Amino acid sequence: MTAGMNDEQSKAYWQSTSPIAILDWEARGYYNNISGNAMDIAEAYVHIRNTGSYPIRITKMLAGDQWIDSTAHDELNANVNLSDEYYFSPGEDVYIGNGMPYRLPGIPSKSGWAFRSKGSCNQTYVYLCAASSMCIYPIQKNGYGLVRVENFGFEYVEYVEGKNITKKFIGKSPIIMKCVLHPISG
């Protein structure tokens, strides 16, 4: 299913998943103003919805053998646990990412996290080091490239009739995000 998949097919798959659907996403690549080279960081944002029947709390974002359980919180100037920020009821939406230094209009998120290349870093607080492709610079024929991450998913707690049940959801499709240029890069 994933070999020749493009970003639109990936997005269509993730918009239909349950109990967690990713309705929208974006990756913002950096480049070094001095060297002009791409950097191995793609800040990401995901707009997710609880499409299940019970309230859930996101505890980790997963990719292969990598995971993160916190994000950088803009207002607190500190890392915060995902589980402290992302509890939501059936049909409710949350936004993870879109942290400083940029904001997308109308996105109510205060957190920041990023993808980095697979093998480029050890387990860290806010970097999910699992991307098989990253943003590129300078602009190429098809834009700034794609961030591609296999085995992406979430660990979460589902609250069912007074019981807390920890579960994992790993998508059958990679997450493939089109890159846009980070505003502070150029």
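The values are calculated or read from the model by the stated rules, or taken from the named source; none is laboratory data. Keep in mind that what you see is a predicted model, and the values were worked out from it rather than measured. FYI the Cβ positions are ideal-geometry reconstructions off the backbone, even for glycines, and counts take in every protein chain you see.
Please find, within the range 123-153, the residue that is surrounded by the fewest Cβ atoms within 10 Å (Cβ to Cβ) out of those that are among the β-branched types (Val, Ile, Thr) and at pLDDT below 85.
Among residues in the range 123-153 that are among the β-branched types (Val, Ile, Thr) and at pLDDT below 85, the one surrounded by the fewest Cβ atoms within 10 Å (Cβ to Cβ) is ILE139.
Could you list all residues from the range 1-27 that are surrounded by fewer than 19 Cβ atoms within 10 Å (Cβ to Cβ) and either at pLDDT below 85 or touching a helix residue (DSSP H, G or I) at 6+ places or on another chain (Cβ under 7 Å) (or both)?
MET1, THR2, ALA3, GLY4, MET5, ALA21, LEU23
Does TYR156 meet the test of being hydroxyl-bearing (Ser, Thr, Tyr), under 16 Å from GLY52 (Cα atoms) and at pLDDT 75 or above? Steps first, answer last, please.
Details: hydroxyl-bearing (Ser, Thr, Tyr): yes; under 16 Å from GLY52 (Cα atoms): yes; at pLDDT 75 or above: yes.
When the stated conditions are applied, TYR156 passes them.
Looking only at residues in the range 95-115 that are surrounded by 20 or more Cβ atoms within 10 Å (Cβ to Cβ) and of a type in the set (A, V, I, L, M, F, W, C), which one is modelled with the highest pLDDT?
ILE96
When the residues of the range 48-82 are narrowed to those that are within 24 Å of SER18 (Cβ to Cβ) and more than 15 Å from the chain's Cα centre (by Cα), which ends up surrounded by the most Cβ atoms within 10 Å (Cβ to Cβ)?
ILE56
Can you find a residue in the range 28-38 that is modelled with pLDDT of 75 or more, surrounded by fewer than 19 Cβ atoms within 10 Å (Cβ to Cβ), not hydroxyl-bearing (Ser, Thr, Tyr) and not in a strand (DSSP E or B)?
no
Yes or no: LEU76 within 24 Å of VAL149 (Cα to Cα), among the hydrophobic types (A, V, I, L, M, F, W, C) and modelled with pLDDT under 85?
The answer is no for LEU76.
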